[in-house]
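A short reminder: the numbers here are calculations on the coordinates, not readings from a lab. Keep in mind that this is a model prediction, so the values were computed, not measured. Here the Cβ is made from the backbone with ideal geometry for all residues, glycine too, and neighbour counts use every protein chain on show.
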2 protein chains.
Amino acid sequence: MTNQDEHFMKMALAEAQAAMDEDEVPVGAVVVLNDKIIARGHNMTEMLHDVTAHAEMIAITAASSALGAKYLKGCTLYVTLEPCVMCAGAIAHSQIERLVYGADDPKKGYTLLNAPVFPTKMKVEKGLLQEECARLLVNFFQEKR
Amino acid sequence: MTNQDEHFMKMALAEAQAAMDEDEVPVGAVVVLNDKIIARGHNMTEMLHDVTAHAEMIAITAASSALGAKYLKGCTLYVTLEPCVMCAGAIAHSQIERLVYGADDPKKGYTLLNAPVFPTKMKVEKGLLQEECARLLVNFFQEKR
């Protein structure tokens with residue numbers, strides 16, 4: 001992973017912070033094409049009363065809207081937390097080229113399925129800024145107690 | 001399954017037909033609570049340029065909107081085709097009580113994962129009006145050739 005990857009993950013972290021500020025579980029995502037952010041998203045499940053309003057779903061829909069195209073070929077999705085099964089399914093549908101995520105999600109992450117959700121040619125990298133990504137979540141849930 | 005189940009699947013089939021009429025892959029869904037339809041949805045991926053715009057996702061979001069609540073407790077989702085991984089993940093998040101689907105999807109259905117996507121207490125029934133559900137899809141793809 002590169003400095004540029006770190007830069008984009010920091011932008012995803014800024015989205016997660018925006019979720020935190022709205023009292024949402026702090027997860028953020030950005031979609032990048034040709035070294036430019038074309039879409040951003042953060043978790044909005046509480047505000048929208050909608051379990052589908054995860055950061056990745058919002059970012060994917062926004063990216064498709066920005067491109068006017070269903071498929072996000074050549075795009076990289078940066079997300080602060082390991083995607084859940086729903087989001088992993090959406091990522092697979094989107095034909096995103098590369099997924100970079102920060103913290104693991106040992107309770108709801110797609111890797112729990114232990115099944116091939118993504119196309120084999122899709123690249124997946126994890127652990128980028130994972131401490132910062134996880135810290136936001138830990139802080140959020142500690143405040144809730 | 002009951003006559004009422006058949007009635008609601010026919011409503012899901014009407015949604016699938018609406019998708020067909022819009023030149024979308026014909027899949028339809030309805031969400032039922034206390035014997036009443038509270039939300040409907042049909043595949044709109046082409047029109048919206050959005051891979052997340054599956055019938056189930058639209059119906060779940062609409063049902064949450066109708067209830068003003070994130071969780072669809074006590075609800076049944078009727079859908080003409082076996083949900084994909086993304087939709088299965090969304091169904092699991094929604095805490096829907098019961099899923100009834102028509103045709104199997106041997107290419108993209110969540111059962112391909114052979115992994116537990118749903119909470120154990122969720123009821124899943126399949127095969128209701130499966131021939132009608134599948135016929136729409138077969139007709140659609142035959143016309144495309």
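Of all residue pairs spaced 6 or more apart or on separate chains, those with beta-carbon atoms under 7 Å, a first member in region A:48-76 that is closer than 11 Å to A:Val31 by Cβ and a second member that is surrounded by 24 or more Cβ atoms within 10 Å (Cβ to Cβ) and of a type in the set (S, T, N, Q) are A:Ala55/A:Asn43; A:Ile60/A:Ser94; A:Ile60/B:Thr52; A:Thr61/B:Thr52; A:Leu72/A:Ser64; A:Leu72/A:Ser94.
Can you tell me which residues in region A:70-98 are closer than 24 Å to B:Glu46 by Cα, away from chain B (no Cβ under 14 Å) and part of a strand (DSSP E or B)? Spell out the reasoning first.
Taking region A:70-98 first, the residues closer than 24 Å to B:Glu46 by Cα are A:70-77, A:85-98.
Next cut, away from chain B (no Cβ under 14 Å) only: A:74, A:76, A:97-98.
If the condition is that a residue be closer than 24 Å to B:Glu46 by Cα, away from chain B (no Cβ under 14 Å) and part of a strand (DSSP E or B), then A:Thr76, A:Arg98 are the ones that fit.
Condition first: part of a helix (DSSP H, G or I) and out of contact with any Asp or Glu (no Cβ under 8 Å at 6 or more places or on another chain). Now tell me which residues in region A:12-34 satisfy that. Quick ask: steps written out before the conclusion?
We begin by selecting, within region A:12-34, every residue part of a helix (DSSP H, G or I); these are A:12-21.
Across region A:12-34, the qualifying residues are A:Ala12, A:Ala14, A:Glu15, A:Ala16, A:Gln17, A:Ala18, A:Ala19, A:Met20, A:Asp21.
Of all the listed residues (B:Thr120, B:Thr111), the sole one being over 22 Å from B:Leu136 (Cα atoms) and either in a strand (DSSP E or B) or out of contact with any helix residue (DSSP H, G or I) (no Cβ under 8 Å at 6 or more places or on another chain) (or both) is B:Thr120. So, in region A:93-123, exactly how many residues are touching a strand residue (DSSP E or B) at 6+ places or on another chain (Cβ under 6 Å) and loosely packed, with under 14 Cβ neighbours inside 10 Å? So the answer is 1. Evaluated against (1) within 20 Å of B:Ser94 (Cα to Cα); (2) small (Gly, Ala, Ser); (3) under 12 Å from the mean Cα position of the chain (by Cα), A:Gly89 falls short on exactly one condition, (3). In region B:40-69, of all residues being facing another protein chain (nearest Cβ under 7 Å), touching a Ser or Thr at 6+ places or on another chain (Cβ under 6 Å) and not in a helix (DSSP H, G or I), the one that is surrounded by the fewest Cβ atoms within 10 Å (Cβ to Cβ) corresponds to B:His49. All of (1) buried (at least 24 other Cβ atoms within 10 Å of the Cβ); (2) among the acidic types (Asp, Glu); (3) in contact with a Leu (Cβ under 9 Å, 6 or more places away or on another chain) hold for B:Glu15 with one exception: (3). Looking at region A:123-145 only, could you name the residues that are basic (Lys, Arg) and in a loop (DSSP other than H, G, I, E, B)? A:Arg145, the sole residue that qualifies. Here A:Leu81 clears all of (1) closer than 25 Å to B:His49 by Cα; (2) among the hydrophobic types (A, V, I, L, M, F, W, C); (3) surrounded by 24 or more Cβ atoms within 10 Å (Cβ to Cβ) except the condition numbered (1).
The residue that is farthest from A:Leu99 (Cα to Cα), among those in region A:18-47 that are over 13 Å from the mean Cα position of the chain (by Cα) and in contact (Cβ under 8 Å) with a residue 40 or more places away in the chain, is A:Met20.
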